[in-house]
Amino acid sequence: MNKIEIQKIGIVGAGNLAWHIAAGINNSGLDLVGVYNRTSGKAEELAARLNTKVVTNFNAFRQCDLILLLVKDDAIREMAAQLQQSKAIIAHTSGNTSLEVLFPHQKTGVFYPLQTFSKDVAVNLNKVPILVEGSTDQIENGLYELASRLSKKVYKINSQQRRRLHVAAGFANNFANHMLKQAYDICEENDIPFEVLSPLIKETIEKIKTVTPAQAQTGPAVRHDEKTIKIHKDLLEGSHLELYELITKDIERTYK
């Protein structure tokens, strides 16, 4: 089986994710051919940071081994369609989108970094899990080797697994952060410094490094402490009360 080597890479997109992944590729010693983005100003800003060129015509990517689509999910199909003449591997970076969206390209893949990214917040890519998939074993192995140059945590995961992982990530990140917002609001409304909760929040995350979330679960709902639950509910109203009741009932059902 011939080995696929990825050396020349074109970047499509200049958003939060592109700022980190393109920089990681650039720092790994690979040839970053250029950056394309619908908004030229964003492409110019990213290209200047990486000392590469702005691409306005996809013909500039003709010699690429890989064209990486770092765009929103609903733009992947459209961007892929504009690259129909390319012989490069076309890969997207979405957690919730299958390989099929890239057809009729034959050489396709997924290069999905499982992390939340903000343009101006530093992220150590070496610790970010990168999940890869390829339309052939050769492509998958090539993407795996590329990812291994950026991160120590690389996994081969298919589209079905990745979609379910994306849902799990929503619970772990988006929903958990929303719960922290509720806690923040309650503190703000009662003139309590939110930082008082910081050690508790940190310990909650640290604990599940050594035990499962089920083993780490504490609180009145898991104890079925109805007296404490009633006191809490009497102090809440509106969406805070609705969320409290919903989550409490689910915890009680889980730990009967």
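See the values below:
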item	result
Descending principal axes extents, region 2-70, alpha-carbon based, whole Å	40, 24, 18
Inter-centroid distance (Cα atoms) of region 38-108 relative to region 163-206, Å	35
Region 57-149, Rg to Rh (Cα coordinates; Rh as Kirkwood inverse mean 1/r)	0.96
Mean shadow area of region 111-175, taken as a quarter of the surface of its Cα convex hull (nm²)	4.7
Theoretical FRET efficiency, 1/(1+(r/R0)^6), r = Cβ-Cβ of Glu5 and Lys127, R0 22 Å, to 0.05	0.30
14 Å beta-carbon shell around Ile21, net charge (K/R +1, D/E -1)	+3
Bins of 10 Å from zero: percent of alpha-carbon pairs in region 163-254	13, 41, 39, 6, 0
Net +/- balance of residues flanking His240 in space, Cβ distance below 11 Å, scoring K and R +1, D and E -1	-3
Kirkwood-Stokes translational diffusion coefficient of the chain, alpha-carbon pairs, 20 °C, 1.002 mPa s, µm²/s	103
Counting all C-alpha pairs of region 113-217, share separated by more than 18 Å (%)	65
Mean ellipticity per residue at 222 nm, deg cm²/dmol - from DSSP H runs of n ≥ 4 across the chain, formula -39500 (n - 2.57)	-13000 deg cm²/dmol
Rounded tilt (10° steps) of 176-189 against the dominant C-alpha axis of the chain	50
In region 194-249, GluC sites (Glu not before Pro) in a DSSP loop with at most 13 other beta-carbon atoms within 10 Å	Glu237
Dipole of region 8-157 [Lys/Arg +1, Asp/Glu -1 at C-beta], most positive-end residue of Gln85, Asn59, Ala22	Ala22
Burial ordering of Lys233, Lys202, fewest other beta-carbon atoms within 10 Å first	Lys202, Lys233
Karplus 3J(HN,Hα) series, Hz, for region 58-75 with 6.51 cos²θ - 1.76 cosθ + 1.60 (x for Gly, Pro)	5, 4, 5, 8, 4, 8, 6, 7, 9, 10, 9, 8, 9, 10, 4, 3, 6, 9
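Values in this text are rule-based calculations from the coordinates and carry no lab data. Nothing here was measured: the structure is a model prediction, and the numbers come from that model. Positions of Cβ are generated from backbone atoms using ideal geometry, with glycine treated the same way; all protein chains shown enter the neighbour counts.
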